[in-house]
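Some notes on the structure that comes next.
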Amino acid sequence: MVSLLIKNDDTRDEVMSCISKIYHHRILYILKFLDHGFDEIYWMDSNTIVYRDLTNYLREFRWSNKLFYFILDHIMYDSSFVTKWKQQHPDTFIPQACFMGFKSSCMRTFFGLWKNAWKMWIEPKPFTMYQDPNPDFSGSSFCTEQYAL
């Protein structure tokens, strides 16, 4: 379950004006893009600033045999967050990415697994099963979909 996460109506309207209206009904459900022949699907956090053209990186991902593409989020440079994450999840990589790409060939299976993992983070409420890896950040519960990754 991935959505376009935007803080206010003005920003949402600006983002939506840049996306063809034929795609508006699919914004909140990324798997629907699979039904329309997209080979890769990309997700960028709405608060991400890009200083350079990413085309060459995306082209390299497209032609590679890799299934996932991640650009680290700023939190990955916070040693406290990284330490807390590794204490609870020593055998996993830390999934905080501000930009992600997925090959369509793995999406249906992957999203089913991701959704199940996400439920462990949010049910019966966020951080019941796992401790908050970033308790000083008021928006941490907003990041559970990436934590579940």
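The values are calculated or read from the model by the stated rules, or taken from the named source; none is laboratory data. Nothing here was measured: the structure is a model prediction, and the numbers come from that model. Here the Cβ positions follow ideal geometry from the backbone for every residue, glycine too, while neighbour counts run over all protein chains shown.
Looking for something part of a helix (DSSP H, G or I), under 17 Å from the mean Cα position of the chain (by Cα) and at pLDDT below 80 - is there at least one such residue anywhere in the stretch 18-30? The answer is yes, given that some residue of the stretch 18-30 is part of a helix (DSSP H, G or I), under 17 Å from the mean Cα position of the chain (by Cα) and at pLDDT below 80. In the condition set (1) within 29 Å of I19 (Cα to Cα); (2) modelled with pLDDT of 85 or more; (3) not in a strand (DSSP E or B), Y69 is compliant with all but (3). Exactly one of these conditions fails for Y69: (1) free of Cβ contacts under 8 Å to residues at least 40 places away in the same chain; (2) exposed (fewer than 15 other Cβ atoms within 10 Å of the Cβ); (3) in contact with a helix residue (DSSP H, G or I) (Cβ under 8 Å, 6 or more places away or on another chain). Give me its number. If we test Y69 against (1) free of Cβ contacts under 8 Å to residues at least 40 places away in the same chain; (2) exposed (fewer than 15 other Cβ atoms within 10 Å of the Cβ); (3) in contact with a helix residue (DSSP H, G or I) (Cβ under 8 Å, 6 or more places away or on another chain), just (2) comes out false. So, of the residues in the stretch 72-109 that are part of a helix (DSSP H, G or I) and in contact with a Leu (Cβ under 8 Å, 6 or more places away or on another chain), which turns out to be modelled with the lowest pLDDT? That would be R108.
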